[in-house]
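Notes follow once the structure below has been shown.
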Amino acid sequence: MTELLHNLSPEKPPENSNSGILARIVVAVLVIAVAAAIYFWPAAQTKAPANGRNSDFPFGVEEQAYAARLQLENLTMSRAENYLNQEVTTLSIELVNGGDRSLRALELTAEFSDDLRQIVLRETRPVLAPGAARFAPGDRRTFEISFEHIPASWNLQQPTLRVAGMQLLPKE
């Protein structure tokens, strides 16, 4: 009996088990919310804009017609580790201007896919900058594009490349 009275003493009020359960539920919801935010954050960065383009250069009817005259040849891919111990994937591409006009600038979009052929990364990169020497008809140039943060779900196959935008110089 003394033991029973000791357990009910006013110095130590009885524990309310409902507050402990409520605290655990709140912590679990917060952990799930933070995990979901971390999981979905990179996906928001790789989505294409509403118009399907992500280029700083024009890509109207004239540029689209001329894009068919550009050839991307000798595509090679390599992977290496940089000084920060991050895996870097580098694409080396030879561009041939098979048309009759010079280019001032050109951007390409690279799309990396997973095993289900879903795009896991889409990035648009400048290949010819507006300040570079013009890219005349018949010219051939090799350039490299590096990617540091390709999702782990990538299928390790060569990405799809397409022209995203260009600046054509007037015919001479």
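Only the coordinates and a few stated rules stand behind these numbers; no lab work does. This is a predicted model, so every value here is computed, not measured. Counting neighbours? That spans all protein chains shown, and the Cβs are built from the backbone with ideal geometry, glycine included.
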Neighbour cut-off at most 14 other Cβ (10 Å), DSSP loop, GluC sites (Glu not before Pro), the range 63-161 = Glu148
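If eta is 1.002 mPa s and T is 20 °C, what Stokes-Einstein diffusion coefficient results for the range 73-142, Kirkwood Rh from Cα pairs, in µm²/s?
The Stokes-Einstein estimate is 150 µm²/s.
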Sparse-neighbourhood loop sites, trypsin sites (Lys or Arg not before Pro) in the range 138-172 - DSSP loop, at most 16 other Cβ within 10 angstrom | Lys171
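With the cut-off at 1.5 for a/c, could you classify the range 128-172 from its C-alpha gyration tensor as rounded, prolate or oblate?
Values: a/c = 2.77, a/b = 2.68, b/c = 1.04.
The shape class here is prolate.
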